[in-house]
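Colleague: Handing you a structure now.
The values are calculated or read from the model by the stated rules, or taken from the named source; none is laboratory data. All values reported here derive from a predicted model rather than from experimental measurement. Cβ sites come from the backbone with ideal geometry, for glycine too, and all protein chains shown count toward neighbours. Heads up: the accessible areas ignore ligands, DNA and RNA and are worked out on the full protein's heavy atoms, side chains in. Shrake-Rupley method; radii C 1.70, N 1.55, O 1.52, S 1.80 Å.
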Amino acid sequence: MPARAPHGSNQPPRIIYKKIYIEGHGGHHGGAWKVAYADFVTAMMAFFLLLWLLGATTEKQRKGIADYFAPTLVDTKHAGVSGQGLFGGESIVDADNLPHKASQTGTRALTIPIGAAGGPSAGSGPQGSLKSREALAAEDRRNFDTLKRQVQARIAASRELARLGKHIHFTMTNDGMRIDLIDDADYSMFALGTTALEPDASQLIELVADSIKPMANPLMIRGHTDSLGYGDPAAMNNWMLSSARAEATRRRLALGGLPEARFNRIEGVADREPMVAKDPSDPRNRRVAITLLYRAGVFGK
């Protein structure tokens, strides 16, 4: 505080400043280091979490996690949504852009493909009609019925094959139309215990091949036997025989002109699916089933 000047003196009063020092570290030093430390702790936590995930998950689970966090990129320019700049160099009233009024076609509008499976051929059929699974199944059923009548007519018209008419049966199943070539007590398609086709059976399979050749349906061939066994099952058994006869039938169909891509499944089931269930040894259980499968609901296939 200013002191009183001496009486009669012209000197300015003296000013005394009092400074107070507080010992200790209670003052504020800034919080930037706290932010950096928090970032470091967070990064370490994420790192150890990643190590735990790598050790606690399978390859398939890790693939699923990676796919979940993978970004999905959309080519917005070709989708008609945007572009590499203002409107992608286009106008919002372009005829092929996203429709914004009744007169605009909007040919780039997104659509849901058949079966939500997508693909390069998804969309309308060759004549402009939508190829759904139901439409293809209905078309297949009509084709199957036509095929059945054609085969039966050709068998009846052939003197060599007329007697085999009772050995071929047509049955509609959930998978498609099954053509059963069946043995009986008086006739066998294959030589006993072998995969050698009898000449008239080979001719019958060739007739079937000619009839189904124009169709696009995939094929499944299944061989069946009766329950009569072999003396040495290790050398030969009904599983081997039924599979081999199914393969022999496939080879005969291929020789008849069917491409390899048409064959979807070749299998033998031995005596596990008898036609005459009450008598597994009945010769009618020996048969080969050729099934024309329904086509998948994919445009152009």
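Colleague: Could you grab me the full set of residues in segment 53-70 that are open to solvent by 90 Å² or more (accessible area, probe 1.4 Å) and not aliphatic (A, V, I, L, M)?
Modeller: Step one: of segment 53-70, the residues open to solvent by 90 Å² or more (accessible area, probe 1.4 Å) are 54, 59-61, 63, 68-69.
Within segment 53-70, 59, 60, 61, 63, 68, 69 meet the criteria.
Colleague: Can you name the condition, by its number, that residue 188 falls short on among (1) surrounded by 13 or more Cβ atoms within 10 Å (Cβ to Cβ); (2) free of Cβ contacts under 8 Å to residues at least 60 places away in the same chain; (3) of a type in the set (Gly, Ala, Ser)?
Modeller: (2)
Colleague: A further question follows. From the list 254, 216, 246, which one is within 31 Å of the chain's Cα centre (by Cα), under 21 Å from residue 151 (Cα atoms), modelled with pLDDT under 95 and of a type in the set (A, V, I, L, M)? Steps first, answer last, please.
Modeller: Working: 254 fails: modelled with pLDDT under 95; 246 fails: modelled with pLDDT under 95.
Selected residue: 216, the only one of 254, 216, 246 that is within 31 Å of the chain's Cα centre (by Cα), under 21 Å from residue 151 (Cα atoms), modelled with pLDDT under 95 and of a type in the set (A, V, I, L, M).
Colleague: Follow-up question, since we're still on this one. Looking at segment 150-163 only, could you name the residues that are among the aliphatic types (A, V, I, L, M), assigned to a helix (DSSP H, G or I) and in contact (Cβ under 8 Å) with a residue 24 or more places away in the chain? Step through it out loud before you land on a result.
Modeller: Pass one, segment 150-163, residues among the aliphatic types (A, V, I, L, M): 151, 153, 155-157, 161-162.
Imposing the further condition that a residue be assigned to a helix (DSSP H, G or I) reduces the set to 151, 153, 155-157, 162.
Listed by number, the residues that qualify are 151, 155.
Colleague: Moving on to the next point. Please go through (1) under 16 Å from residue 212 (Cα atoms); (2) at pLDDT 95 or above; (3) among the basic types (Lys, Arg) for residue 295 and return the number of the only condition it doesn't satisfy.
Modeller: With respect to (1) under 16 Å from residue 212 (Cα atoms); (2) at pLDDT 95 or above; (3) among the basic types (Lys, Arg), residue 295 is out only on (2).
Colleague: Now for a separate question. Between 20, 65, which is in contact with a helix residue (DSSP H, G or I) (Cβ under 9 Å, 6 or more places away or on another chain), modelled with pLDDT under 85 and not polar (S, T, N, Q)? So that I can check it myself, show each step before the final result.
Modeller: Details: 20 fails: in contact with a helix residue (DSSP H, G or I) (Cβ under 9 Å, 6 or more places away or on another chain).
Exactly one residue qualifies, and that residue is 65.
Colleague: I've got another one for you. Take the conditions within 27 Å of residue 230 (Cβ to Cβ), not in a strand (DSSP E or B) and not β-branched (Val, Ile, Thr) and apply them to residue 147. Does it pass?
Modeller: Working: within 27 Å of residue 230 (Cβ to Cβ): no; not in a strand (DSSP E or B): yes; not β-branched (Val, Ile, Thr): yes.
Taking the combined requirement at face value, the residue does not satisfy it.
Colleague: Open to solvent by 30 Å² or more (accessible area, probe 1.4 Å) and either in contact with a helix residue (DSSP H, G or I) (Cβ under 8 Å, 6 or more places away or on another chain) or outside any helix (DSSP H, G or I) (or both), is that true of residue 178? Explain how you work it out, then say what you get.
Modeller: Numbers: open to solvent by 30 Å² or more (accessible area, probe 1.4 Å): yes; either in contact with a helix residue (DSSP H, G or I) (Cβ under 8 Å, 6 or more places away or on another chain) or outside any helix (DSSP H, G or I) (or both): yes.
For residue 178, the condition - open to solvent by 30 Å² or more (accessible area, probe 1.4 Å) and either in contact with a helix residue (DSSP H, G or I) (Cβ under 8 Å, 6 or more places away or on another chain) or outside any helix (DSSP H, G or I) (or both) - is met.
Colleague: Is there a residue being in contact (Cβ under 8 Å) with a residue 24 or more places away in the chain, over 25 Å from residue 174 (Cβ atoms) and either of a type in the set (Asp, Glu) or surrounded by fewer than 21 Cβ atoms within 10 Å (Cβ to Cβ) (or both) anywhere in segment 285-298? Give the steps one after another, and end with the answer.
Modeller: Step one: of segment 285-298, the residues in contact (Cβ under 8 Å) with a residue 24 or more places away in the chain are 285-298.
When the remaining residues are screened for being over 25 Å from residue 174 (Cβ atoms), the result is none.
No, segment 285-298 has no match at all.
Colleague: Okay, moving on. Check 222, 262 and return the single one that is in contact with a Leu (Cβ under 6 Å, 6 or more places away or on another chain), at negative phi and at pLDDT 95 or above.
Modeller: Working: 222 fails: in contact with a Leu (Cβ under 6 Å, 6 or more places away or on another chain).
After applying the criteria, what remains is 262.
Colleague: Looking at segment 249-284, which of its residues are open to solvent by less than 50 Å² (accessible area, probe 1.4 Å), part of a loop (DSSP other than H, G, I, E, B) and farther than 27 Å from residue 229 by Cα?
Modeller: 256, 257, 258
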